[in-house]
Amino acid sequence: MAAGKGTRLKSKHPKVLHAIGGKPLLAHVIRAASKVVPAGDIFSIIGHEADKVREAVASYGTKFVEQKEQRGTGHAIMQCRDALRGYDHVLVLSGDVPLIRVETIARVRDFHLAQNAAMTILTALPPDPFGYGRIIRKKKGGKTTDEVAAIVEQKSASPAQQKIREINSGIYAFSVPELFSRIDKLSTNNAHHEFYLTDVAELLTADKKKVVALPATDSNEVLGVNTRFELASLDALLRNEKARELMAAGVTVFRPETCVFDADVQVGPDTVIEPFVQLLGSTTIGGDCIVRSYSVVKDSRIGDAVTIRNGSIIDDSAVDNGAIIGPYSHLRPASQIGENAHVGNFVETKKTRLGRGSKANHLTYLGDAEIGEGVNIGAGTITCNYDGVNKHKTTIDDGSFIGSDSTLVAPVKIGRGAYVGAASCITEDVPEDSLALGRGRQINKEGWAKSKREELKSKAAPKK
Ligand code: UD1
Ligand code: CA
């Protein structure tokens, strides 16, 4: 179920597209579900901003059911009657309960089938049950049983019912025929004037059908997101779990509570991550690396034994084994840094390949450049890649040396082993093994400064 607006988030974006761990809530749920049943058997019920939601999860290959008007969770399931024709059982998951684990979904399925139940409800005992539907268990001889009589929503619960700690997770298994032979009996006679899926429990019980509760082993995994605060708490839980997973796999993470790791990030053993590092998106980092504080790496591939010094930003780029990046380097999309290459202080690269062992250590911009091996890029070198309309390429061949403060006006090519004198403005190709000078010649005027000083002194008014 993913059609709701998420009023309590006070957002213009649909609730299920708000992200935790760098991924939309709904994507977490679909990902878990698709490990239990084939993607083609998953239906996302979408409604509010349906096109955006559809697009955001299209890559998972699930099907969609539209709920044009959002009139409650019961109404959402009513829309699935045709889609579910031919299925015996259905698992219902909530798009806003993102931490649900694959094993738990499978456990709900297995328990439901073993119990031969009409409805199975995954329940939990969170520290604070406020806001959730409460489970009213059937009693037999004064004792509570596994069977459920009804679910009461927070707003309809009596003071005694509000004291019940067992909550409805919003995750269920149903017998499809039992569900659809009763769902049309739901009414909107409640606090929200909505069709509550939860009321199906009471309808089934009234017909002596079996409705059972299965408590989750960990209440955290069924926490729902209704508010921004809950969004932040679940994000923290997920990232804490991710940090644990990385540490268990041999990564040293200092002060993990300050780091931000997205769900799909991978890091090799013996890599050290310092405080306040963010590893985002599909980033993979090899083993024996060090990622120092305040660096942010997104959608990038980092090899083994790479050093990323403080404050570096790496986006959609690749860094090969043994390279040294930073401090304060900015690798923009499509940068490829070769083995043992160095990119240093305040160097920005974009769509640039820096070959093996090449160095650009200080204050440089390299854009749309193809740079060979063993090249030295002096401090302050700039590739002038943009003429105001188009981007042009700079090629710097193996072993060449670009003197400090040079500007390379693209398109331009520096041949193998060539030298460019410091502060040159290079507008023409430089042949291999040659020296290019593109600057004014220096002149020295001997004694000029001394005579200037004397002249100024003689003109100055005598001191009193
Ligand atoms: C629901 C349950 C509550 C349970 C809680 C667990 C009902 C009536 N209540 O309450 O017992 O404790 O989940 O998190 O079901 N949705 C639709 N279409 C709609 C309305 C909702 O697809 O018309 C989707 C929402 O996008 C969301 C999910 O259903 O993903 C749950 O809806 P929400 O309004 O958040 O229900 P809760 O009030 O949390
Ligand atoms: Ca909810």
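With (1) under 21 Å from LYS185 (Cα atoms); (2) surrounded by fewer than 20 Cβ atoms within 10 Å (Cβ to Cβ); (3) without any contact (Cβ under 8 Å) to a residue 40 or more places away in the chain; (4) more than 10 Å from ligand 1 (Cβ to nearest atom) as the list, and GLU69 as the residue in question, which single condition is left unmet?
The one condition GLU69 does not meet is (4).
Please specify each residue of the stretch 271-300 satisfying the condition of being of a type in the set (D, E, K, R), surrounded by 19 or more Cβ atoms within 10 Å (Cβ to Cβ) and either touching a Cys at 6+ places or on another chain (Cβ under 6 Å) or not in a strand (DSSP E or B) (or both).
Answer for the stretch 271-300, where residues must be of a type in the set (D, E, K, R), surrounded by 19 or more Cβ atoms within 10 Å (Cβ to Cβ) and either touching a Cys at 6+ places or on another chain (Cβ under 6 Å) or not in a strand (DSSP E or B) (or both): GLU274, ARG292.
Taking the stretch 3-43 only, how many residues are touching a strand residue (DSSP E or B) at 6+ places or on another chain (Cβ under 6 Å), within 16 Å of ligand 2 (Cβ to nearest atom) and closer than 25 Å to ASP299 by Cβ?
Total satisfying the criteria: 3.
Please specify each residue of the stretch 197-232 satisfying the condition of being over 19 Å from GLY4 (Cα atoms), within 13 Å of ligand 1 (Cβ to nearest atom) and either open to solvent by less than 40 Å² (accessible area, probe 1.4 Å) or not in a helix (DSSP H, G or I) (or both).
Within the stretch 197-232, VAL200, ALA201, ALA213, ALA216, SER219, GLU221 meet the criteria.
Mind checking which pairs have a first residue in the stretch 93-104 that is farther than 18 Å from GLY4 by Cβ and within 11 Å of ligand 1 (Cβ to nearest atom) and a second that is open to solvent by less than 30 Å² (accessible area, probe 1.4 Å) and among the small types (Gly, Ala, Ser), Cβ under 7 Å, 6 or more apart or different chains?
Partner pairs satisfying both residue conditions: none exist.
From the list GLU178, GLU241, pick out the single residue that is modelled with pLDDT under 95, assigned to a helix (DSSP H, G or I) and more than 16 Å from ligand 2 (Cβ to nearest atom).
GLU241
Among (1) open to solvent by 80 Å² or more (accessible area, probe 1.4 Å); (2) closer than 25 Å to HIS13 by Cβ, there is one condition ASP88 misses while meeting the rest; what is its number?
(2) is the only condition that ASP88 fails.
Here is a list: VAL37, VAL53. Which entry is part of a loop (DSSP other than H, G, I, E, B) and either near ligand 1 (Cβ under 10 Å from one of its atoms) or surrounded by fewer than 20 Cβ atoms within 10 Å (Cβ to Cβ) (or both)?
Residue meeting the stated conditions: VAL37.
Within the stretch 249-264, can one find any residue that is within 16 Å of ligand 2 (Cβ to nearest atom), in contact with a Leu (Cβ under 6 Å, 6 or more places away or on another chain) and either more than 30 Å from HIS89 (Cβ to Cβ) or open to solvent by less than 10 Å² (accessible area, probe 1.4 Å) (or both)?
no
For ASP235, which of the numbered conditions (1) among the acidic types (Asp, Glu); (2) buried (at least 18 other Cβ atoms within 10 Å of the Cβ); (3) within 16 Å of ligand 1 (Cβ to nearest atom) fails to hold?
The failed condition is (3).
Considering only residues that are out of contact with any strand residue (DSSP E or B) (no Cβ under 8 Å at 6 or more places or on another chain), among the hydrophobic types (A, V, I, L, M, F, W, C) and within 16 Å of ligand 2 (Cβ to nearest atom), which ones fall in the stretch 155-168?
none
What about GLY61, is it small (Gly, Ala, Ser) and crowded, with 21+ Cβ neighbours inside 10 Å?
Answer is no for this residue.
Out of the residues in the stretch 345-364 that are part of a strand (DSSP E or B) and crowded, with 21+ Cβ neighbours inside 10 Å, which is nearest to the chain's Cα centre (by Cα)?
Filtering first and then ranking leaves THR349.
Hey, can you tell me all the residues within the stretch 285-340 that are in contact with an Asp or Glu (Cβ under 9 Å, 6 or more places away or on another chain) and polar (S, T, N, Q)?
Result: SER293, SER295, SER300, ASN310, SER317, ASN321, SER329, SER335, GLN336, ASN340.
For the stretch 91-121, name all the residues that are closer than 24 Å to ALA232 by Cα and over 28 Å from the mean Cα position of the chain (by Cα).
none
So is ILE171 within 16 Å of ligand 2 (Cβ to nearest atom), closer than 19 Å to ASN226 by Cα and at pLDDT 95 or above or not?
So ILE171 passes the test.
Would you confirm, using the coordinates I've provided, whether ASP146 is more than 16 Å from ligand 1 (Cβ to nearest atom) and touching a strand residue (DSSP E or B) at 6+ places or on another chain (Cβ under 9 Å)?
Yes, satisfied.
Looking at ILE77, ILE46 in this structure, which one is within 11 Å of ligand 1 (Cβ to nearest atom), under 18 Å from ASN168 (Cβ atoms), of a type in the set (Val, Ile, Thr) and in contact with a helix residue (DSSP H, G or I) (Cβ under 6 Å, 6 or more places away or on another chain)?
ILE77
What single numbered condition from (1) among the charged types (D, E, K, R); (2) within 30 Å of LYS12 (Cα to Cα); (3) without any contact (Cβ under 8 Å) to a residue 60 or more places away in the chain; (4) part of a loop (DSSP other than H, G, I, E, B) fails to hold for GLU194?
For GLU194, the exception is condition (3).
Out of all the residues in the stretch 386-408, is one or more out of contact with any Asp or Glu (no Cβ under 8 Å at 6 or more places or on another chain), open to solvent by 50 Å² or more (accessible area, probe 1.4 Å), of a type in the set (S, T, N, Q) and more than 27 Å from TYR328 (Cα to Cα)?
Within the stretch 386-408, one or more residues are out of contact with any Asp or Glu (no Cβ under 8 Å at 6 or more places or on another chain), open to solvent by 50 Å² or more (accessible area, probe 1.4 Å), of a type in the set (S, T, N, Q) and more than 27 Å from TYR328 (Cα to Cα).
The values are calculated or read from the model by the stated rules, or taken from the named source; none is laboratory data. The structure presented is a predicted model; accordingly, all values stated were derived computationally and were not measured. Ideal geometry is used to build each Cβ from the backbone, glycine not excepted, and the neighbour counts take in all protein chains shown. Ligands, DNA and RNA are stripped out before the accessible areas are found, and what is left, the full protein with its side chains, is counted by its heavy atoms. Shrake-Rupley method; radii C 1.70, N 1.55, O 1.52, S 1.80 Å.
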